[in-house]
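Structure, as C-alpha cells:
The values are calculated or read from the model by the stated rules, or taken from the named source; none is laboratory data. Since the structure is predicted, the reported quantities are computational estimates derived from the model, not experimental observations. For neighbour counting, all protein chains shown are included, and Cβ atoms are generated from backbone atoms with ideal geometry for every residue, glycine included. Protein only, heavy atoms only, side chains kept; ligands, DNA and RNA dropped before computing areas. Shrake-Rupley method; radii C 1.70, N 1.55, O 1.52, S 1.80 Å.
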Amino acid sequence: MTALSRDANNISTRIEKDYPNDIPPPPIFSDPLEHRSFLKFRLAQAYRIFAKYGYDEGVAGHITVRDPIRPDCYWVNPWGVHFKLIQPELLLLVDHEGEIQEKESGPSRYLNRAAYMIHSAVHEARPDIICAAHSHTKYAKAFSTLGVLLDPITQDSCAFYEDHSLYSEFRGIVEDREEGLAIATALGPNKAVILQNHGILVATKSIESTIFFFISMEKCCKVQMLADRAAAARGLKPRLIDPENAADTHKQLGSDMGGWFDGLPEFQLLEHEEGKRFEYIPVKKENM
C-alpha cells in the first residue's frame, strides 16, 4: 500500500506502509522525463560536491548514473571539464558499448575511456546499481597501496563491514574491457571496492548514497592509517569492534536507505551555497 505526497521541492513522493517513520522517503516520479531531469541535476551537483572536497585529479575520476528511460545507458561527465563546472546540460549519455548518444548528450563529446570501461562493466554486472563513483582521492590512494580491507575500528567504518572488497591488481590505466570486468567482479555484491594502488569505487542505488559512502570511505581510509600509526608508535594494534556489533552497526548505518538520508545534507548545503534547486520544465512534444 502506498500514498503519494509532495516534498518541499514539489516532487511527488511515495510513502511505503513499512517505511521507517523517522526517515523521509526518497522522491519518485510519475513522469520519466522529470525523473531523468532530476537525476541529471543531482549528478551535476555530485560532481560539484566532489570538486568542493578536492576529489578531482586532472581529468581523472568519474561518477555515473543509470538513465531511467534507457537503463542500458548511463550519464557521465564530458572528459576534460573541471568537476566544478559540470552542469546537467553538459552530461553525456553513453550506452554499454561506449557509444555517445547524439540526441541526448551535451556539446562536448569527449568520453573518458577508463570511465566507460569501468562503469559500463559495473552497471551491466549490477542492474540494481543506479550510481557509481570513482576518483583518485588522497587517503584512498594511500590506503590502497597496502592491499588490505578496512578494519571495523570505528562506528563509521562498520558501514563497510563485510560490504567492501579488494581488487588486488594494478595493470595501468583501465583501457580494455577485461580490466573493467575484473573490477566489476571484484566489487561483487558489495557497495565498494578498494582498487589496489589506485583508489576506491563506490556503487549504490542512489546518487546521494554513493556520494555519502564515497566521502565516508575516504575518511575511513584516513582514520585507519592514523590509528595504525598511533598504535604502532605504542607497540600496539588498533582494537577491533567484535563481529556481532560490527554487523549490527553495519545493518543500521550501511544500508542504501541510510546512505541516501546521510547524503542529503551534502546536497542541501550545495543548494544553499549556490542558491539553485531543482525545477522541472516539461519538454514540449515537438522537441522530444
Given a Förster radius of 25 Å and the C-beta distance between Thr145 and Tyr53 as r, what FRET efficiency does 1/(1 + (r/R0)^6) yield to the nearest 0.05?
0.75
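Percent of accessible area on the chain owned by carbon and sulfur, 1.4 Å probe? Could the numbers behind the result be given before it?
Values: 7830 of 14650 Å².
The C+S portion of the solvent-accessible surface of the chain is 53 percent.
Using the C-alpha gyration tensor of segment 129-272, what are the square roots of 5 times its eigenvalues, in whole angstrom, with the largest one first? Before the final figure, lay out each step's value.
Details: eigenvalues 102, 88, 43 Å².
That gives 23, 21, 15 Å for the three semi-axes.
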Which angle from 0 to 90°, rounded to the nearest 10, does the C-alpha axis of helix 207-233 make with the longest principal axis of the chain?
10 degrees
Just want the answer: with Cβ charges of +1 for Lys and Arg and -1 for Asp and Glu, which residue in Ala192, Val59, Leu39 is farthest toward the dipole's positive end in the chain?
Val59
Starting from the Cα coordinates of the chain, work out the convex hull volume and express it per residue in Å³.
142 Å³
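Just to confirm, what accessible area per residue do you get for the chain at 1.4 Å probe, in whole Å²? Provide the component values of the computation, followed by the final result.
Values: 14650 Å² over 288 residues.
In whole numbers, the chain has 51 Å² accessible per residue.
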Among Met117, Met217, Met225, whose mean-square fluctuation peaks in a Gaussian network model of the chain (Cα, cutoff 10 Å)?
Met225
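At 0.36 nm per residue, and after removing the present C-alpha to C-alpha distance, how many nm does the segment from Arg229 to Arg171 gain when stretched out fully? All intermediate terms of the calculation are to be shown ahead of the outcome.
Details: separation 58, 0.36 × 58 = 20.88 nm, distance 2.88 nm.
Residue separation times 0.36 nm, minus the Cα-Cα distance, leaves 18.0 nm.
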How would you rank 157-164, 83-90, highest first, on the average number of other Cβ atoms within 10 Å across their residues?
157-164, 83-90
With 19 Å as the limit, write out which pairs from Lys40/Lys84; Lys222/Lys251; Lys219/Lys276; Lys141/Lys237; Lys40/Lys222; Lys84/Lys219 have Cα-Cα distances beyond it, or answer none.
Lys222/Lys251; Lys219/Lys276; Lys141/Lys237; Lys40/Lys222; Lys84/Lys219
Kindly give the semi-axes, whole Å and largest first, of the ellipsoid equivalent to segment 226-288, taking each as the square root of 5 times a Cα gyration tensor eigenvalue.
45, 18, 10
Spelling it out for Tyr110: with amide H atoms placed in the peptide plane at 1.01 Å from N, the residues 5 or more places away or on another chain with amide H under 5 Å from its amide H are Trp79
How many nm is it between the label spots at Glu89 and Ala125, if each spot is 7 Å from the Cα in line with the beta carbon?
3.7 nm
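Can you tally the net charge around Leu201? Count Lys and Arg as +1, Asp and Glu as -1, for every other residue whose Cβ sits under 13 Å from the Cβ of Leu201.
Numbers: positive: Arg126, Lys141, Lys191; negative: Glu179, Glu218.
Computed value for this residue: +1.
Please report the equivalent ellipsoid semi-axes of segment 127-175, computed as sqrt(5 x eigenvalue) of the Cα gyration tensor, largest first, in whole Å.
Working: eigenvalues 83, 57, 24 Å².
Computed over segment 127-175, the values are 20, 17, 11 Å.
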